[in-house]
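A quick write-up on the structure given underneath.
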There are 2 protein chains.
Amino acid sequence: MKTETEALGCFGLPGAFTAEAMTSFFSEEDRTVLYFGTFEELVGAVRTGKVRYGILPIENSSTGGITEVYDLLRGSGCFITGEKCLSVEQYLMGVPGASIEDIRRVYSHPQGFRQSRDFFRRHPRMECIPHFSTAQSADFVGREGKKEQAAVAGQLAARIYGLRILAGPINMSTVNCTRFFVISGKKEKVEGADKITLVLSLAHEPGSLYRALGCFEKGGLNLMNLESRPRENHPFEYFFHIDVMGNLEDPAVHEVLEALQKNTVSCRILGNYRADRGGAS
Amino acid sequence: MKTETEALGCFGLPGAFTAEAMTSFFSEEDRTVLYFGTFEELVGAVRTGKVRYGILPIENSSTGGITEVYDLLRGSGCFITGEKCLSVEQYLMGVPGASIEDIRRVYSHPQGFRQSRDFFRRHPRMECIPHFSTAQSADFVGREGKKEQAAVAGQLAARIYGLRILAGPINMSTVNCTRFFVISGKKEKVEGADKITLVLSLAHEPGSLYRALGCFEKGGLNLMNLESRPRENHPFEYFFHIDVMGNLEDPAVHEVLEALQKNTVSCRILGNYRADRGGAS
């Protein structure tokens, strides 16, 4: 029997790190994949049901949270139903026949450059030109076919766009992981869910964050991540995006959420999903 | 008597928002100003004493913290000696004679585009091309002299680079402030200092952030800002950059710092300076 085919939405292009995360999360091979050039288009397609699930990066272990995605998910009405951590290695790649001495202009997503800062410090002759994504840079360099141009992207992109690896991995950190979220337009119960992402809005008064964190502490919920994001039109007030370990059906978690309702202006659950322990130790 | 002339280091170019913040912070007019194209070069010049003070943006009230600056300051050995909040308004500007209908390509810093997202959603014909800074975009558009090109930058940049305002303010938030830090290579006592920036490194164990925040709470120090930044090579562990109100000479603050030493892996003070209450209410 053929499994049901439901379209997946993927940020970026074939060969992008997000596409790699997608194929390792969704094992079925008979799904249609639509690629989206911006986070906003992808989230819109998930919300309106054009695709069943979407996958997009949320955080890199060297460069931090992808703030645009935090801000989009907060108000999107979408739900996080999965997470995937992927070890990310950046490579310098050029057209066949090019050597590292030929390279004058390098294209990549700004994150690719930031993760590879030290390499470019040692190669000041290479001009770094920001591009929309690592995979798009590889595609662009492949199509232009110029020996003096290179891209910074993953190995898969080199294979897909016919480029040759000239150096790498060139990222500074020996451990460089990116964390991805799988999102859905519908709330759904995930079997074995053990991680919760929520957004708190706090009163602008002393101790409000401390009291909110106290609710998790008292309930024994382990805080995994906390990211503050600005509230627009309220200068220097913040939303707090928080990941804690837990399952929403656990009575202890219920109690924590009730305590949070009393100690915050608002507390919204963005998802309850299975933590991926694969990428990091 | 002429006051001592000591060079100031400013991020960006004349006409940039940072330059505006600088002139409103340093009232003396006889200082030499050196401009730096990257945060890294500026911080390096401050550290080595090439300039006495440096000024650079740290946070925008709509788009959040400038993570690259957080990461640079943490390990730089520089000290924060002042803060300035500036109300920031973005304008679309073109060459004299151009009208808004002519514009096809717009140059700006990605922050300029993010702050003006809604405007560009309403003008899909305009292609947004990332540039190094708002002021550099204005300079570039002025020198190219093409009617179909525009920049997103502040009013001062339009005046300096001879451009005409075509639309604006085009930033979405009615209140859009950027916060700047003044940094020095030397530790110095700032009169009337009432705000402290510090960086905590916490044990990777449950409750560590809650306990650290408890030290501020018990000492009655009001938390103004908290930004988490990744620890390189320690996937999904974080530094916490924290601003609290207080003066390092206050015995109550001493007690808090002592308690923090016991409840954190490390606690480093980046500066004690006067809070600027000008930009935000």
| request: Please find, within the range A:93-112, the residue that is modelled with the lowest pLDDT out of those that are within 18 Å of A:Ala16 (Cβ to Cβ) and surrounded by 21 or more Cβ atoms within 10 Å (Cβ to Cβ). | output: A:Gln111
| remark: When restricted to A:Phe216, A:Phe240, the only residue touching a strand residue (DSSP E or B) at 6+ places or on another chain (Cβ under 8 Å), facing chain B (nearest Cβ under 9 Å) and farther than 30 Å from A:Met22 by Cα is A:Phe216
| Is one or more of the residues making up the range B:115-133 within 28 Å of B:Met22 (Cα to Cα) and away from every other protein chain (no Cβ under 14 Å)? | no
| request: State which residue pairs qualify: first residue farther than 11 Å from A:Glu6 by Cβ and inside the range A:29-43, second residue modelled with pLDDT under 85 and surrounded by 15 or more Cβ atoms within 10 Å (Cβ to Cβ) in any location, beta carbons under 9 Å apart, and separation of 6 or more residues or different chains. | output: A:Gly37/A:Phe132; A:Gly37/A:Ser133; A:Thr38/A:Phe132
| Conditions (1) farther than 24 Å from B:Tyr53 by Cβ; (2) among the basic types (Lys, Arg); (3) out of contact with any Asp or Glu (no Cβ under 7 Å at 6 or more places or on another chain): number failed by B:Arg104 | (3)
| Among (1) more than 16 Å from the chain's Cα centre (by Cα); (2) farther than 30 Å from A:Val244 by Cα, which single condition is A:Gly185 missing? | (2)
| Residue under evaluation A:Glu127, criteria (1) touching a helix residue (DSSP H, G or I) at 6+ places or on another chain (Cβ under 8 Å); (2) loosely packed, with under 15 Cβ neighbours inside 10 Å, criterion not met | (1)
| field | Residue selected from the range B:243-281 under the condition more than 14 Å from every other protein chain (Cβ to nearest Cβ), in a loop (DSSP other than H, G, I, E, B) and within 20 Å of B:Ser184 (Cβ to Cβ), by the criterion farthest from the chain's Cα centre (by Cα) | value | B:Glu249
| said: Here is a list: B:Gly64, B:Gly44, B:Gly154. Which entry is of a type in the set (Gly, Ala, Ser) and either more than 23 Å from the chain's Cα centre (by Cα) or away from chain A (no Cβ under 14 Å) (or both)? | reply: B:Gly154
| Which condition number in (1) surrounded by 20 or more Cβ atoms within 10 Å (Cβ to Cβ); (2) touching a residue at least 12 places away in the same chain (Cβ under 8 Å); (3) under 25 Å from A:Gly64 (Cβ atoms) is the one that A:Pro235 fails? | (2)
| For the range B:162-171, does any single residue satisfy the condition of being at pLDDT below 95 and in contact with a Pro (Cβ under 9 Å, 6 or more places away or on another chain)? | no
| remark: Selection from the range A:34-56 of residues among the hydrophobic types (A, V, I, L, M, F, W, C) and either farther than 16 Å from A:Ala135 by Cα or in the same structural domain as A:Gln155 (by TED's automatic domain parsing) (or both) yields A:Leu42, A:Val43, A:Ala45, A:Val46, A:Val51
| note | Given (1) away from chain A (no Cβ under 11 Å); (2) surrounded by fewer than 20 Cβ atoms within 10 Å (Cβ to Cβ), B:Gln90 misses just (2)
| request: Go over the candidates A:Gly192, A:Gly154 one by one and state the one that is among the small types (Gly, Ala, Ser) and surrounded by fewer than 21 Cβ atoms within 10 Å (Cβ to Cβ). | output: A:Gly192
| task | Considering each of A:Ser99, A:Ser137 in turn, give the residue that is polar (S, T, N, Q) and either over 28 Å from A:Gly162 (Cβ atoms) or within 14 Å of chain B (Cβ to nearest Cβ) (or both). | result | A:Ser137
| Number of the condition not met by A:His234 [criteria: (1) touching a Cys at 6+ places or on another chain (Cβ under 9 Å); (2) within 9 Å of chain B (Cβ to nearest Cβ); (3) not polar (S, T, N, Q)] | (1)
| said: Among the numbered criteria (1) facing chain B (nearest Cβ under 8 Å); (2) more than 24 Å from A:Thr18 (Cα to Cα), which one does A:Leu202 miss? | reply: (1)
| task | Check whether at least one residue in the range B:12-33 is surrounded by fewer than 24 Cβ atoms within 10 Å (Cβ to Cβ), under 26 Å from A:Gly64 (Cβ atoms) and either modelled with pLDDT under 90 or not small (Gly, Ala, Ser) (or both), and report yes or no. | result | no
| remark: Residue count, the range A:40-61, condition crowded, with 20+ Cβ neighbours inside 10 Å and assigned to a helix (DSSP H, G or I), comes to 3
| task | Kindly check whether there is at least one residue in the range A:168-184 that is farther than 30 Å from A:Phe119 by Cα, of a type in the set (Val, Ile, Thr) and more than 14 Å from every other protein chain (Cβ to nearest Cβ). | result | yes
| message | Please go through (1) assigned by TED's automatic domain parsing to the domain that holds B:Gln149; (2) among the hydrophobic types (A, V, I, L, M, F, W, C); (3) without any contact (Cβ under 8 Å) to a residue 40 or more places away in the chain for B:Leu72 and return the number of the only condition it doesn't satisfy. | response | (1)
| query | For residues in the range A:62-78 being in contact with a Gly (Cβ under 8 Å, 6 or more places away or on another chain) and in a loop (DSSP other than H, G, I, E, B), which is modelled with the highest pLDDT? | reply | A:Cys78
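The values are calculated or read from the model by the stated rules, or taken from the named source; none is laboratory data. Note that this is a predicted model, so its numbers are computed, not measured. Glycine gets a Cβ as well: all are built from the backbone with ideal geometry, and neighbour counts include every protein chain shown.
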